[in-house]
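The values are calculated or read from the model by the stated rules, or taken from the named source; none is laboratory data. Predicted, not measured: the structure shown is a model, and the values here were computed from it. Heads up, the Cβs are rebuilt from the backbone with ideal geometry, glycines too, and the neighbour counts pull from every protein chain shown. Areas reflect the complete protein model, heavy atoms only, side chains present, ligands, DNA and RNA absent. Shrake-Rupley method; radii C 1.70, N 1.55, O 1.52, S 1.80 Å.
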2 protein chains.
Amino acid sequence: MTAVQLGHRYGDVVVTVLDDDGQPLRDREVTVEQRTHAFSFGNIGFDFVPVANEEVPPERAARMADLWLDVFNTATLPFYWSDFEPLPGRPATTRLRRAAQWFAARGCRVKGHPLLWHTLAPDWLRELPTAEVEATVRARIRREVADFADVVRTWDAINESVIMPVFRNEPQRNAITRLARERGRIATVRLAFEEARATDPTATLILNDFDMSTAYECLIEGVLEAGIRVDALGLQSHMHQGYWGEEKTLEVLDRFSRYGLPIHMTETTLVSGDVMPPEIDDLNDYQIPSWPSTPDGEQRQADEIVRHYRTLLSHPSVQAITYWGLFDEGAWLGAPAGLVRTDGTPKPGYDALRRLVKQEWWLSPTTLRTDDAGRVTVRGFLGDYQLRCAGRTATVAVTGHGEATTTLGEGTR
Amino acid sequence: MTAVQLGHRYGDVVVTVLDDDGQPLRDREVTVEQRTHAFSFGNIGFDFVPVANEEVPPERAARMADLWLDVFNTATLPFYWSDFEPLPGRPATTRLRRAAQWFAARGCRVKGHPLLWHTLAPDWLRELPTAEVEATVRARIRREVADFADVVRTWDAINESVIMPVFRNEPQRNAITRLARERGRIATVRLAFEEARATDPTATLILNDFDMSTAYECLIEGVLEAGIRVDALGLQSHMHQGYWGEEKTLEVLDRFSRYGLPIHMTETTLVSGDVMPPEIDDLNDYQIPSWPSTPDGEQRQADEIVRHYRTLLSHPSVQAITYWGLFDEGAWLGAPAGLVRTDGTPKPGYDALRRLVKQEWWLSPTTLRTDDAGRVTVRGFLGDYQLRCAGRTATVAVTGHGEATTTLGEGTR
């Protein structure tokens with residue numbers, strides 16, 4: 001894959017550098033350095049809830065933070081209802097707000113996952129009649145969106161609604177499945193979006209699913225026909241059963257991009273050990289005593305991560321990729337899906353992804369010289385760039401092809 | 001399965017029998033005999049297009065007719081567009097009208113299949129730009145529904161819309177797939193229903209699909225949310241790969257009945273030979289030189305037909321079952337899916353189904369005696385019944401639990 005296929009990820013801005021008198025600074029050295037990516041390179045931030053709440057030894061917390069912040073700029077935080085509010089009326093708001101603020105203070109975007117989902121619905125919900133379940137769901141959505149509006153700007157408004165009314169992988173049916181069965185999928189999607197939207201009209205609200213089949217297409221078409229405003233489509237891609245490959249990835253993107261909505265790859269996993277057998281239908285059903293990371297698996301994972309990120313970024317609709325877990329320790333299903341081993345050392349996949357995000361797709365400090373009109377052209381991946389000249393700095397955004405003016409010199413008078 | 005589970009299929013009507021003077025005919029013998037089923041026991045009538053057009057030797061035509069009419073009361077006729085209108089503007093209307101009228105004249109209901117489908121879309125459509133494809137589709141639907149309004153009262157308005165925009169099993173993409181891809185499934189469903197409805201507001205319009213997965217549920221929910229009025233859900237069940245069994249059948253009915261719409265089992269097939277291997281995805285891909293009916297297979301088919309029809313009728317939502325082909329000769333895929341062998345003799349499955357429809361679920365001529373108020377109670381499967389008394393006849397409908405009055409006697413004055 002060549003840079004040409006990523007052309008839509010690059011932009012340039014012609015910056016006219018002025019002195020304090022408003023005169024162009026001609027023929028002067030300016031150092032340009034990328035500071036942020038417009039693209040969301042995300043990961044889950046679940047492990048940083050204890051970090052932000054100072055429950056992790058400082059040295060260990062610092063190591064974790066360094067690894068995370070060196071590659072990623074968007075954190076997904078867990079709002080799984082049964083964990084977040086194990087007893088009715090006792091939500092873990094304070095604890096989660098600390099985590100959200102921890103990321104925000106470090107310049108990261110924060111996403112909440114999910115506002116409504118059948119899995120991990122609280123047990124105490126099960127006893128309520130459906131009308132009360134609905135009222136409780138609506139109140140919960142309003143509460144979380146309001147309580148986090150200053151830091152969480154993106155939400156998975158509803159998760160896995162394709163399977164929601166027919167979900168069966170549990171001994172006793174949860175209340176959200178019942179709600180979705182009685183009300184229908186679209187009515188359930190609507191209530192999640194309408195409560196979140198009403199509470200925070202500027203949040204980005206995502207319809208998220210693991211089902212990449214035509215069923216999700218059918219649901220999306222119904223949701224859009226019903227007039228529900230969806231800001232982005234969330235596509236999960238837990239590849240515990242093996243890398244999709246470029247062809248399938250592009251085929252999926254082709255199908256789901258035709259609704260003209262941004263695509264967020266919300267849950268991306270590639271294991272660095274044996275892959276799960278293909279006959280497993282619900283990944284949660286796969287329980288093995290030990291699932292080690294292996295040298296061969298780590299090389300394969302690194303290779304696949306690079307291929308997968310390149311493929312995803314080649315499609316203009318993709319605006320965000322969230323990798324599902326930096327650390328093997330405590331990973332979902334015990335899978336070696338992280339980019340950092342249980343001993344705390346980074347796998348080849350970590351280094352490979354870092355190279356993409358912070359080298360290949362990143363402008364390191366570069367010295368340019370202004371022309372006769374005081375202009376330099378900043379070219380690079382879409383994002384924010386810092387310009388330095390004579391000890392003064394300014395920031396310009398590369399959002400496409402544009403022009404900007406900035407004052408960096410002290411003036412000559 | 002006991003009669004109790006079919007309770008909703010039975011009704012009774014208390015008939016007061018009067019003489020010409022309006023006086024009750026007391027203590028008189030009345031013979032009651034069922035004449036029709038309210039339930040649609042359907043089959044395809046494709047083989048009767050040549051029969052109705054007098055292209056089949058009369059003796060053979062009579063044998064075919066006897067076999068068909070002795071069990072079935074609802075005929076599905078083929079409106080496959082590429083066959084129906086091989087050259088633009090030259091539809092086979094006259095030829096198909098003869099077939100429709102042939103069935104109608106013999107007391108059968110007639111259904112048209114399908115008004116819109118990607119498979120068997122005419123080649124000449126492919127060259128048109130999408131807007132013209134849409135206009136042509138709309139005109140074709142209006143034309144067929146109008147031209148057959150007096151005889152075809154039920155239509156598969158659209159067939160297999162779940163797969164319609166992503167259908168790939170063809171060397172060159174057909175125009176209907178393109179239309180559905182560009183417009184979306186729901187817009188495509190809407191245009192089929194709205195043209196058919198506008199042309200014949202009293203016709204029964206069916207959304208028909210083979211996809212029994214949650215994808216069809218998602219589509220249905222979107223269609224209903226979009227305000228499209230669907231009169232019945234069509235569920236195909238081509239069981240070339242083996243009988244579904246009671247459990248799956250009831251599970252499917254449970255899922256699709258929750259929309260409160262009548263269910264038509266539109267395409268029912270059980271083979272009387274080897275079953276197709278399970279790994280075949282599109283049944284059309286299975287091409288074998290010979291697929292014989294076998295004695296064991298015929299017994300199995302007979303058993304499965306009885307089980308399947310009992311199961312389907314036990315569910316109150318099911319209003320129609322169309323078996324897909326009476327004759328093995330010319331059967332789809334060359335499968336031994338018919339109920340009559342290629343040598344023209346009925347298989348055990350034919351006799352078994354006939355026993356259900358015309359014996360177990362049928363009231364043969366039965367002599368009753370009116371009470372002191374001139375009343376007899378007619379009990380049986382929902383349908384029309386003929387009463388005879390002293391050489392005069394009258395018809396009463398059993399539609400549930402009701403009362404009726406009829407005049408059968410000549411009077412005593």
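Tell me which residues come under 5 Å, amide H to amide H, from B:G374 once H is placed; ignore anything under 5 positions away on its chain.
B:D27
What span do the alpha-carbon atoms of segment A:284-413 cover on each of the three principal axes, reported in whole Å from largest to smallest?
75, 32, 22
Starting from the Cα of B:N284, step 7 Å along the direction of its Cβ; do the same at A:A139; then give the gap between the two resulting points in nm.
Using points 7 Å along Cα→Cβ, the separation is 5.4 nm.
For the rotation bringing A onto B, which A residue has its Cβ nearest the axis, and at how many Å?
Its Cβ sits closest to the axis: A:G222, 1.
Checking a compactness column here: for segment A:1-99, what do you get for Rg(Cα) / (2.2 N^0.38 Å), N being the number of residues?
1.71
As an exercise, use a Förster radius of 51 Å and the Cβ-Cβ distance of B:R258 and A:Q359 to find the FRET efficiency, rounded to the nearest 0.05.
After rounding to 0.05, the efficiency reads 0.40.
Per the Cauchy relation, a quarter of the hull surface: what is the mean projected area of the convex hull of the alpha carbons in segment B:107-265, in nm²?
10.3 nm²
Please list B:D254, B:D47, B:D209 in order of solvent-accessible area, largest first, computed with a 1.4 Å probe with all protein chains present.
Largest accessible area first, the list is B:D254, B:D47, B:D209.
As a test, work out the antiparallel percent of DSSP beta bridges whose residues both lie in the protein assembly as shown, rounded to the nearest 5.
Antiparallel bridges: around 35 percent, rounded to the nearest 5.
Test of understanding: extend the Cα→C-beta vector of A:R173 to 7 Å, then name every residue of segment B:244-259 with backbone N under 18 Å from that spot.
The answer is B:247-259.
For A:N73, what charge total do you get from the other residues with a beta carbon under 10 Å from its beta carbon, if Lys and Arg give +1 and Asp and Glu give -1?
Around A:N73, the surrounding residues sum to +2.
Summing +1 for each Lys or Arg and -1 for each Asp or Glu, what net charge is found among the other residues whose Cβ lies under 11 Å from the Cβ of A:A335?
Counting the neighbours of A:A335, the net charge comes to -2.
On C-alpha positions alone, give me the angle between the axis of helix A:295-314 and the longest principal axis of chain A, in degrees, nearest 10.
Computed tilt is about 70 degrees.
Once every DSSP H run of n ≥ 4 in chain A is given -39500 (n - 2.57) and the sum is divided by its residues, what mean residue ellipticity at 222 nm do you get, rounded to the nearest 500 deg cm²/dmol?
Computed mean residue ellipticity for chain A: -9500 deg cm²/dmol.
Spelling out what I want: for every residue of segment B:151-156, take phi, set θ = phi - 60°, compute 6.51 cos²θ - 1.76 cosθ + 1.60 (Karplus), and round to whole Hz; glycine and proline get x.
Whole-Hz 3J(HN,Hα) from phi for segment B:151-156: 10, 9, 9, 9, 9, 6.
Could you list the GluC sites (Glu not before Pro) in segment B:1-91 that lie in coil according to DSSP, counting only those with at most 12 other Cβ atoms within 10 Å of their Cβ?
Listed in order of number, the matching sites are B:E54, B:E55.
Taking amide H atoms as placed 1.01 Å from N in the peptide plane, list the residues 5 or more away in sequence, or in a different chain, whose amide H sits under 5 Å from that of B:L128.
Those lying under 5 Å, H to H, from B:L128: there are none.
Of the beta bridges DSSP finds with both residues in chain B, what % are antiparallel, to the nearest 5?
Restricted to chain B, the bridges split so that about 35 percent are antiparallel.
Rounded to whole Å and ordered largest first, report the semi-axes of the equivalent ellipsoid of chain B derived from its Cα gyration tensor (root of 5λ).
Square roots of five times the eigenvalues give 40, 25, 22 Å.
Hey, which lysines would be in cross-link range of B:K358, C-alpha to C-alpha under 25 Å, not counting anything within fewer than 8 residues on its own chain?
Here the lysines satisfying the reach criterion relative to B:K358 are B:K111, B:K347.
Taking a temperature of 37 °C and a viscosity of 0.692 mPa s, what whole-number D in µm²/s does Stokes-Einstein yield for segment A:89-182 with Rh from Kirkwood over alpha carbon pairs?
228 µm²/s
Using 7 Å Cα-to-Cβ label points, what is the B:D123/A:Q101 separation (nm, one decimal)?
7.2 nm
Can you find, among B:T130, B:T31, B:A146, the residue sitting farthest towards the positive end of the charge dipole of segment B:19-154, where Lys and Arg contribute +1 and Asp and Glu -1 at Cβ?
Result: B:T130, furthest along the dipole toward the positive end.
Output wanted: per-residue J couplings in Hz (rounded whole) for segment B:69-86, from phi through Karplus 6.51 cos²θ - 1.76 cosθ + 1.60, θ = phi - 60°, x for Gly and Pro.
Ordered by residue, 3J(HN,Hα) equals 6, 6, 10, 10, 10, 9, 10, 9, 10, x, 10, 4, 4, 5, 7, 6, 9, x Hz.
With the label 7 angstrom out along Cα to Cβ, how close does B:D66 come to the same site in each of the other copies, in nm, nearest first?
Counterpart label points of B:D66 in the remaining copies fall at 9.4 nm.
No other cysteine beta carbon under 4.7 Å away is the test; run it over the protein assembly as shown and list who passes.
Singleton cysteines: A:C108, A:C389, B:C108, B:C389.
At B:P365, label 7 Å along Cα→Cβ: distances to the other copies, nm, ascending?
Between copies, matching label points for B:P365 lie 10.8 nm apart.
Of all trypsin sites (Lys or Arg not before Pro) in segment B:159-225, which ones are in loop regions per DSSP and have a Cβ with at most 11 other Cβ atoms within 10 Å?
Filter output for segment B:159-225: B:R168.
Please report, in cubic angstrom per residue, the volume enclosed by the convex hull of the alpha-carbon atoms of segment A:199-312.
In segment A:199-312, the Cα convex hull volume per residue is 140 Å³.
Mean shadow of the protein assembly as shown, computed from the convex hull of its alpha carbons, in nm²?
For the Cα atoms of the protein assembly as shown, the hull's average projected area reads 46.2 nm².
Assume the label is 7 Å from Cα along Cα to beta carbon: what separations in nm does A:G402 have to the matching positions in the other copies?
7.3
Just to confirm a number: summing +1 for Lys and Arg and -1 for Asp and Glu over residues other than A:F210 whose beta-carbon lies under 9 angstrom from that of A:F210, what do you get?
So the surrounding residues net to -4.
Using θ = phi - 60° and the Karplus form 6.51 cos²θ - 1.76 cosθ + 1.60, what ³J(HN,Hα) does each residue of segment A:9-24 get, whole Hz, x for Gly and Pro?
Karplus values, whole Hz, x for Gly and Pro: 8, 9, x, 8, 9, 8, 9, 8, 9, 10, 8, 5, 8, x, 9, x.
May I ask you to list the residues of segment A:284-326 whose amide nitrogen lies under 11 Å from a point 7 Å from Cα along the Cα→beta-carbon direction of A:D343?
none
Check which residues have an amide H placed less than 5 Å from B:G273's amide H, if you skip close sequence neighbours.
Close amide H contacts, sequence-distant or interchain: B:T294.
Accessible area of segment A:39-360 with a 1.4 Å probe: how many percent of it is carbon plus sulfur?
Result for segment A:39-360: 50 percent of the exposed heavy-atom area is carbon or sulfur.
With +1 assigned to the C-beta of every Lys and Arg and -1 to the C-beta of every Asp and Glu, and no other charges, what is the dipole magnitude of segment A:39-360 about the Cα centre in debye, to the nearest 20?
The calculated dipole for segment A:39-360 is roughly 920 debye.
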